[in-house]
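Questions regarding the structure given below will be posed in turn.
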Amino acid sequence: MGMKKMNKLALILCALFLAGCNSTPSVTTIVQKLLPPFSLMEDCQHAKRPKDATNGGLAQALQSERNALDVCNTQLGALRTWAGQNKE
């Protein structure tokens, strides 16, 4: 084998070896969309209307509506907590 052929072969082998060396690692970014639990996204419910149209019925309706608002605020608080725990 002649010297020129050996030089070409050595050059080809060096090129192949160097092509296999990659100094930059590949980075793959995966984006995952998180959604809150459905139970935290349900509509807030109004209290039921009073059966009797008296002052006592009105007072009971007001208390029931406040209780429904408290439940809704608790639900929204849980949603805010969930969002704080799942920040990127």
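The values are calculated or read from the model by the stated rules, or taken from the named source; none is laboratory data. Predicted, not measured: the structure shown is a model, and the values here were computed from it. Positions of Cβ are generated from backbone atoms using ideal geometry, with glycine treated the same way; all protein chains shown enter the neighbour counts.
Tell me, please, whether a residue that is modelled with pLDDT under 75 and within 35 Å of the chain's Cα centre (by Cα) can be found in the range 7-23. Outline the logic, then answer.
Pass one, the range 7-23, residues modelled with pLDDT under 75: 14-23.
Next, only the ones that are within 35 Å of the chain's Cα centre (by Cα) stay: 22-23.
The answer is yes, given that some residue of the range 7-23 is modelled with pLDDT under 75 and within 35 Å of the chain's Cα centre (by Cα).
Hey, can you tell me all the residues within the range 36-55 that are exposed (fewer than 10 other Cβ atoms within 10 Å of the Cβ) and at pLDDT below 80?
Selection gives 39 alone.
Identify, from the list 79, 69, 58, the residue that is free of Cβ contacts under 8 Å to residues at least 24 places away in the same chain and surrounded by 11 or more Cβ atoms within 10 Å (Cβ to Cβ).
Values: 79 fails: free of Cβ contacts under 8 Å to residues at least 24 places away in the same chain; 69 fails: free of Cβ contacts under 8 Å to residues at least 24 places away in the same chain.
Going through 79, 69, 58 in turn, the sole match is 58.
Does the range 52-85 hold any residues that are acidic (Asp, Glu) and either part of a helix (DSSP H, G or I) or touching a Cys at 6+ places or on another chain (Cβ under 8 Å) (or both), and which are they? Before you say what the answer is, go through the steps one by one.
Initial filter on the range 52-85 (acidic (Asp, Glu)): 52, 65, 70.
Listed by number, the residues that qualify are 65, 70.
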